[in-house]
Each structure stands twice: as structure tokens, then as C-alpha cells.
């Protein structure tokens, strides 16, 4: 008997924990589940991320932006050099043939052919997508491509190209109106000399008499119409009345 054989057998069969077999067993009454609550009932499982009712970790932080992680389409990559190595001349290659050749893991997932390497065999390749270089190499070797060829997006314009485009937009076109030549900011045109204070221009002459047109001139001490005989007698002073009474 060897030591490793003893240790293997010793750790292989661990005795089952007996629950609910009296207080003396250490796991009696509640059998290690505690009292009341969902954990003491049968069939209960704690949901991953549950924190007892408080706001869980994944909900404490704001969600910003967008991620297309759940919507991405992943392709299984196969290069032209792999087709040259695994298949013979005139072969028809599809996802099933690539899976049998152990070039891809899943025959049901989409496949993309890349143009890395050289190809000299005439092959008919069926795939979901091809790069421009891969499609050209297969066609140059006399083969046939069945699938969509991906065209890369145009490169973004450089800073110099953007500035040139903006400058071209600012320039006036041939049919536009020509602007009058203006003096530069530093060289302003001369202003006309101002007239002196004493030599002010003569004001426009008023009509004769200085009267405004449409109105008749007023005469001095002219009584108002209807004012004759309408003057009230002035009140006599009290002392004068007393003198008149004494004379009588």
C-alpha cells in the first residue's frame, strides 16, 4: 500500500452532513437555516446581484452613452492562405467544408474571408463576407466568389483639407456682386474740415413779422369779443360807505 493511494481514498468519500437530527448533533431544530425568512424555506435561491433590498451595485451608477455589444455580429475569420493549404484545386468551399477542415468552430455562424497570403488554386468560395483583396486574389486565380464584398468607408478628411474647403466656400462666386473698394482700416479717408464757430451758416429767414403762417397778429389792449358791458362793479370799501352815510 502506498501513501498516495491512502490519501486518494481518504478524500474521495466525505461523509454526508446529517441535518435536523437533534440538538446534540449541532444541526438540529432549524438545521443551520436560521429562523423564519425566505432562506429557511425550501426551494429558495438568492438572485445574483441581490443585496437584501438595498439599491444594488449595478443600479447605483448612471447609465450614459450607447453600446452595441448585444447587437454586434461576430465573424469567423479565414485567410486566403488557409484555403491554399487545406483545399485542392477546383474545390467548392462553404461553411460546412471549412468546419470539416477545422478552420472554423461553428458552421452556423457567419464567415469572413480575408486576403492575407497568396492563392494559386482555382476555388469557388461561398461565405458571408469577403474583403476587396481576398475577392481579387480568388478572381485572379480563376476562382469564383459568392457573397458580399465589404467596401471600407472613405478616409476622414485631414485638417488641411477641411481648412481648404472652408476657404473655398468663403470666396465669392463669379455671378455674385462685386463689393466696392474700401480703404484699409489703417488708412481712413480724410474728413471735410469743420466750419468755425463764428462763421455759422445763416439760418433760414422767417416770414415778415416773425409770425407763423396761418395765424393773425394780435393787437395790444384789444378787448375780447363779448367782453363790453360785462364788467362787474367793484366792491366799495367799508370806510367809504361810512363817510357817505355821515355826510347825509
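Out of 86, 73, 96, 102, one residue alone is under 30 Å from residue 136 (Cβ atoms), out of contact with any helix residue (DSSP H, G or I) (no Cβ under 8 Å at 6 or more places or on another chain) and surrounded by 14 or more Cβ atoms within 10 Å (Cβ to Cβ). It is 86.
The set of residues from segment 28-70 being touching a helix residue (DSSP H, G or I) at 6+ places or on another chain (Cβ under 8 Å) and loosely packed, with under 10 Cβ neighbours inside 10 Å comprises 34, 49. Just one residue in the set 85, 51 is on the phi < 0 side of the Ramachandran plot and assigned to a helix (DSSP H, G or I); that residue is 85.
Just so you know, all these numbers are worked out from the coordinates, no wet-lab data involved. Keep in mind that this is a model prediction, so the values were computed, not measured. Glycine gets a Cβ as well: all are built from the backbone with ideal geometry, and neighbour counts include every protein chain shown.
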